[in-house]
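Following: one structure in structure tokens, then a few remarks.
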Amino acid sequence: MPKKMGRPRKEDVTYDTVMKLFNAECVICHATFGVTVHEIIPRSLAPKTWHEVENRVPLCSVCHEKIHTMSKRDREALLYPARDRALKYSGRM
């Protein structure tokens, strides 16, 4: 499939930024395989800001599945500190 021309979408740029910022490593278990970017506050609840770097973290498929079984409160209590620890450890915070 040919690559699309023109300006990249905000979420594509943010995805790349988040993966680079966190070294493509899960913020919970530090896995580097099967990692994707997850929104802490979902797009449906934050349609204008869901794609911002501060709202996105890399998660492996196992951790991603686990957090979807948690309550919103527990999920945020896990993801925000994990994000902040990863940034602090990397020297980017």
At a Förster radius of 30 Å, what calculated FRET efficiency corresponds to the Cβ-Cβ distance of V62 and D16, to the nearest 0.05?
0.85
Reported to two decimal places, what Rg/Rh ratio describes segment 26-93 when computed on Cα atoms with Rh from the Kirkwood expression?
0.95
Of all the accessible heavy-atom surface of segment 8-90, with the other protein chains kept in place and a 1.4 Å probe, what percent is carbon and sulfur?
57 percent
When the chain is fully extended, how far beyond the present Cα-Cα distance does A31 get from Y89, taking 0.36 nm per residue of separation?
19.3 nm
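The values are calculated or read from the model by the stated rules, or taken from the named source; none is laboratory data. These numbers come from a predicted model, not from an experiment. Methodologically, a virtual Cβ is constructed for each residue, glycine included, from the backbone with ideal geometry; neighbour enumeration extends over all protein chains shown. Note: areas computed on protein heavy atoms with side chains; ligands, DNA, RNA excluded. Shrake-Rupley method; radii C 1.70, N 1.55, O 1.52, S 1.80 Å.
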